[in-house]
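Student: Sharing a structure, written as structure tokens. Questions coming.
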Amino acid sequence: MKKLIGRPGSVSGLALRLGQCGFAAAAIGVMVTSLGFSSFTAYCYLIASMGLQVLWSFGLACLDVYALTRKRDLQNPILVSLFVVGDWVTAILSLAAACSSAGIIVLYSRDLHYCNGKVHLPCSKYQTSIAFAFISWALSAISSHVMFWILLASI
């Protein structure tokens, strides 16, 4: 059970963290370059949530790099429990932000038809940013699931 894919201190764990960080940064970058995002609370929440995801994932990616270069084992029960809590918090916040942002874009594009030309909203940029946020959340959910099973195996 200790050789799960995505465990801390492994190449797959590093790839998972870099993917989370990269897609969250891409979601921020696309959303910030679109005009008028700051008038929507859900999009501001998406930026804040993805910012937290970038910080958390980048920090753990640096820890994975350290563990790989020093050949250290990061499966200490206290350390893994910290990873579990951090991963679950960031995963829940990322899912909430992505879902609320997706709700706004569905409202404006399908219900109010603002993306068809009535109001000039950069809907394609909003949709791209939300897609990146969902991908970042999916990677975070995988990571939190793996950490949970590692914590159960270490107890």
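The values are calculated or read from the model by the stated rules, or taken from the named source; none is laboratory data. Just so it is clear, the model here is predicted, and its values are computed rather than measured. Neighbour counts are summed over all protein chains in view; Cβ atoms, including those assigned to glycine, are modelled from backbone coordinates with ideal geometry.
Student: I'm trying to understand the selection: among the residues of the range 108-124, which are under 22 Å from THR33 (Cβ atoms) and modelled with pLDDT of 80 or more?
Tutor: Once the filter is applied, which keeps residues that are under 22 Å from THR33 (Cβ atoms) and modelled with pLDDT of 80 or more, the range 108-124 yields TYR108, SER109, TYR114, CYS115, PRO122, CYS123, SER124.
Student: Quick one: in the range 39-63, which of the residues that are small (Gly, Ala, Ser) and surrounded by fewer than 24 Cβ atoms within 10 Å (Cβ to Cβ) is nearest to the chain's Cα centre (by Cα)?
Tutor: GLY51
Student: Are any residues in the range 132-155 modelled with pLDDT of 90 or more and β-branched (Val, Ile, Thr), and if so, which ones?
Tutor: The answer is ILE135, ILE142, VAL146.
Student: For ALA133, only one of the following conditions fails: (1) over 30 Å from SER12 (Cα atoms); (2) in a helix (DSSP H, G or I); (3) in contact (Cβ under 8 Å) with a residue 60 or more places away in the chain. What is its number?
Tutor: Result: ALA133 fails condition (1) only.
Student: Continuing with the same structure: Give ARG72, ARG17 a once-over and let me know the one that is modelled with pLDDT under 95, more than 30 Å from ASN116 (Cα to Cα) and of a type outside the set (A, V, I, L, M, F, W, C).
Tutor: It is ARG72.
Student: Within the range 97-130, which residues are part of a helix (DSSP H, G or I), touching a residue at least 60 places away in the same chain (Cβ under 8 Å) and of a type in the set (A, V, I, L, M)?
Tutor: ILE104, ILE130
Student: If I ask for residues that are surrounded by fewer than 22 Cβ atoms within 10 Å (Cβ to Cβ), among the small types (Gly, Ala, Ser) and assigned to a helix (DSSP H, G or I), which ones from the range 1-38 would you list?
Tutor: Result: SER12, ALA15, GLY19, GLY22, ALA25, ALA26, GLY29, SER38.
Student: Return a yes/no flag: does the range 84-95 have any residue that is without any contact (Cβ under 8 Å) to a residue 40 or more places away in the chain, under 19 Å from SER39 (Cβ atoms) and assigned to a helix (DSSP H, G or I).
Tutor: Scanning the range 84-95 turns up no residue that is without any contact (Cβ under 8 Å) to a residue 40 or more places away in the chain, under 19 Å from SER39 (Cβ atoms) and assigned to a helix (DSSP H, G or I).
Student: Still on this structure: Name the single residue that is farthest from LYS3 (Cα to Cα) among those in the range 128-145 being surrounded by fewer than 24 Cβ atoms within 10 Å (Cβ to Cβ) and within 8 Å of the chain's Cα centre (by Cα).
Tutor: In this case the residue turns out to be PHE134.
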